[in-house]
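FYI, it's all coordinate maths here, none of it is from the lab. Not measured: the values here are computed from a predicted model. For neighbour counting, all protein chains shown are included, and Cβ atoms are generated from backbone atoms with ideal geometry for every residue, glycine included.
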Amino acid sequence: RAKADGGGRVRFLDAPLDALAKRRRRLERALRGAFERGEIHVVYQPKVCLQTGALCGAEALARWRLRGQEEVPPAEFVPICEDIGLIDELGRHVMRRVLADISAWRAEGLAPPKVAVNVSARQFQDPGLVNFVADLLAEAGTPEKALGGEALEIEITESAFIGDTRHAVEQLRRLGEIGVTAAIDDFGTGYSALSYLRNLPVATLKIDRAFVSGIDTDEGARRIADTIVALGSRLGFETVAEGVETERQAALLAAAGCQLAQGYLFSRPLAPEVFRAKLQAAAAGEPLALISAA
Ligand code: C2E
Ligand code: MG
Ligand code: MG
Ligand code: MG
């Protein structure tokens, strides 16, 4: 702690840091028991097909509601999980919940689209990951029909390829063998060498919200987004835009050739029961959204 050197300035800067450190310690303690106490749950954000407006996918997102208290955002608790060795537990928990939900929906006769699960770079290094997913898939589903890996996608960021790229590629190849596809999340914000994309067994690029948010107001932002979509399609990737909030953004992305989009315009992340209602609506032929032309 810096010593108070006369003025009140040091104390003034010191206090919030202290509060942050306290919060961090409190959250670390609470996280260790959060799984057993059932405080970690999963919500689903729909992905929409920009050509048809149909529900074409979903992203599973972890939520933590501290007992009787505030919700802690994943941007805060996921890094803590990584630091204190709980990231595998989080990843396994989310994967189990997702496969259980998909199985339950299928058992009801619903047809959930592919659900994407975020896998942190740390968790992606775990050599046991593929076997864990394969075992869960084998247990999931209904007695008549096991769940295939096609039900699942994983989202990893470019940071998963820093370091042991060969291992990362091998993990993706093994996931592909059991039918699980992969998407690069937050594309464009990380590791920027494009050459790594060429031989990656990945089906999808998710364009980060940073490249989407300005496209309806800023010509330069629109050109960047167009270029990323074009790059993706030239290299054979499906592209998904994240953080779509306005109809104009959706129309411009559709015109650029982007296939899928997710964002508050279409839907916030939804509790499983609410997402299930969307599946029922989709089964009745209702589109999730109407996409206008640019
Ligand atoms: P992400 O994977 O890039 O997820 C997209 C984030 O954008 C989500 O935030 C989502 O709620 C938010 N979002 C979606 N549409 C909009 C929009 O139109 N506007 C705005 N402003 N935001 C939108 P969330 O749920 O807070 O998650 C933040 C990050 O935490 C995720 O970013 C992901 O990196 C991480 N995360 C979430 N769940 C998990 C998980 O189960 N495991 C791991 N390893 N990471 C997770
Ligand atoms: Mg994601
Ligand atoms: Mg993302
Ligand atoms: Mg993100």
Simple spin-label model, 7 Å along Cα-to-Cβ: L17 to E71 in nm?
3.3
Order of T142, T157 from fewest to most other C-beta atoms within 10 Å?
T142, T157
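Can you figure out the FRET efficiency of E177 with A283, using R₀ = 30 Å and their beta-carbon distance, to the nearest 0.05? If you can, show how the numbers build up before the last one.
Working: r = 31 Å, r/R0 = 1.03.
Plugging the Cβ-Cβ distance into 1/(1 + (r/R0)^6) gives 0.45.
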Tell me, T239, T217, T204 in order of fewest to most beta-carbon neighbours within 10 Å?
T217, T204, T239
Surrounding net charge for K114, when Lys and Arg each add one and Asp and Glu each subtract one, Cβ distance under 14 Å:
-3
At what distance in nm do the modelled label points of D135 and A100 sit from each other, each positioned 7 Å from its Cα along Cα→Cβ?
1.7
Free-by-geometry Cys in the chain, Cβ-Cβ under 4.7 Å as pairing rule, reported as C81, C258
To the nearest Å, what is the center-to-center distance of segment 69-139 and segment 159-189, using C-alpha atoms only?
16
Over segment 130-261, consider all pairs of different Cα atoms and compute the Kirkwood hydrodynamic radius from their mean reciprocal separation; express it in Å, one decimal.
15.9
Percent antiparallel among DSSP beta bridges (both partners in segment 42-160, rounded to 5):
60
Taking amide H positions as placed 1.01 Å from N in the peptide plane, with prolines and chain starts having none, which residues 5 or more places from L66, or on another chain, fall under 5 Å of its amide H?
V72
Given segment 199-252, report the % of alpha carbon pairs whose separation exceeds 19 Å.
23
Taking the alpha-carbon set of segment 9-136, what are its Rg and Dmax in Å?
17.9, 64
So which lysines pass the test for K206, namely a Cα distance under 21 Å, with those fewer than 8 places away in the same chain ruled out?
K47, K114
Kirkwood Rh over Cα pairs of the chain into Stokes-Einstein at 4 °C, 1.567 mPa s: D in µm²/s?
63
Tabulate in residue order the Karplus-calculated ³J(HN,Hα) for segment 144-149, using 6.51 cos²θ - 1.76 cosθ + 1.60 with θ = phi - 60°, rounded to whole Hz; enter x for Gly and Pro.
6, 9, 5, 8, x, x
Can you list residues whose amide H is under 5 Å from E238's amide H, if they're 5+ apart or on another chain and H is modeled 1.01 Å from N?
T204, L205
Over the chain, what is the relative contact order in whole percent, taking alpha-carbon pairs under 8 Å and six or more residues apart?
19
Using the beta-carbon distance between R248 and L194 and R0 = 30 Å, what value does 1/(1 + (r/R0)^6) give for FRET efficiency, to the nearest 0.05?
0.60
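Can you tell me the length gained on complete extension of the stretch S233 to Q125, counting 0.36 nm per residue apart and subtracting the Cα distance?
Working: separation 108, 0.36 × 108 = 38.88 nm, distance 2.80 nm.
Difference between extended and current length: 36.1 nm.
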Note down the net charge around A251, summing +1 for each Lys or Arg and -1 for each Asp or Glu among other residues with Cβ under 12 Å from its Cβ.
0
antiparallel share of DSSP beta bridges within the chain, to nearest 5, in %, is 40
To make sure I understand, if each residue's beta carbon is the centre and we count other beta carbons within 10 Å, what order do L175, L27 fall in, fewest to most?
L27, L175
Putting +1 on Lys and Arg Cβ atoms and -1 on Asp and Glu Cβ atoms, find which of H41, V244, A111 reaches farthest to the positive end of the dipole of the chain.
H41
Under-5 Å amide H pairs with L270, H placed in peptide plane, nonlocal only:
Y44, Q45
